[in-house]
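Take a look at the structure below.
Any read-out appearing in this document is the output of simple, stated calculations on the displayed coordinates, not a laboratory observation. Worth saying up front: this structure is predicted, and the values here are computed from it rather than measured. Ideal geometry is used to build each Cβ from the backbone, glycine not excepted, and the neighbour counts take in all protein chains shown.
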Amino acid sequence: MTETPKRPQQVFTLLVEVGRKPDDGLPKGATGAGLMCYASGVDEAEAVRETVAVLKQAGLAPLDVTGYGTAEERRAQGHEIGAEETALMDRALAENAVIVAQMEPFFDDDDEDD
């Protein structure tokens, strides 16, 4: 009986858009936020599922996830990946974790009545 080889974990770059939820920790007046995440998984679908689950546990409301692939895939597309970003990706892989690298709150620019 032969075992199927275990697929290795990879790290995927994900941009997650979150909406508002009570006690989500986003700044007052924000309509949501964009989160740049590095998540480990055997494939991008698993990384997305894990990221959404972690963000929900953290009290956030994930609305949309855009996948940018692995570091190798991003480099092939011409993305430059610096040392800090590489270190965060390495940490996500080593800890089998989701790392939120950056959070950018969204605000409505349409506060004026036209």
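Cβ-Cβ contacts under 8 Å between residues 6 or more apart (or on different chains), taken from a first residue in the stretch 47-60 that is in contact (Cβ under 8 Å) with a residue 12 or more places away in the chain to a second residue that is surrounded by fewer than 19 Cβ atoms within 10 Å (Cβ to Cβ) and among the charged types (D, E, K, R), are listed as Gly59/Lys21; Gly59/Asp23; Gly59/Asp24; Leu60/Lys21; Leu60/Asp24. Of all residue pairs spaced 6 or more apart or on separate chains, those with beta-carbon atoms under 6 Å, a first member in the stretch 64-82 that is farther than 13 Å from Gln10 by Cβ and a second member that is part of a strand (DSSP E or B) are Asp64/Glu17; Val65/Leu14; Val65/Val16; Thr66/Leu15. The residue pairs whose first member lies in the stretch 29-40 and is under 13 Å from Gly69 (Cα atoms), whose second member is acidic (Asp, Glu), and whose beta carbons are closer than 9 Å, counting only pairs six or more residues apart or on different chains, are Met36/Glu104; Tyr38/Glu85; Ala39/Glu46; Ala39/Glu50; Ser40/Glu46; Ser40/Glu50; Ser40/Glu95. In this structure, Gly34 does not satisfy being part of a loop (DSSP other than H, G, I, E, B) and within 26 Å of Phe106 (Cβ to Cβ). Take the residues in the stretch 49-99 that are among the hydroxyl-bearing types (Ser, Thr, Tyr) and not in a strand (DSSP E or B), then tell me which one is farthest from Asp23 (Cα to Cα). Per the stated criteria, the residue is Thr86. Give Pro22, Pro8, Pro27 a once-over and let me know the one that is assigned to a loop (DSSP other than H, G, I, E, B) and touching a Pro at 6+ places or on another chain (Cβ under 8 Å). Result: Pro27 is the single residue among Pro22, Pro8, Pro27 that is assigned to a loop (DSSP other than H, G, I, E, B) and touching a Pro at 6+ places or on another chain (Cβ under 8 Å).
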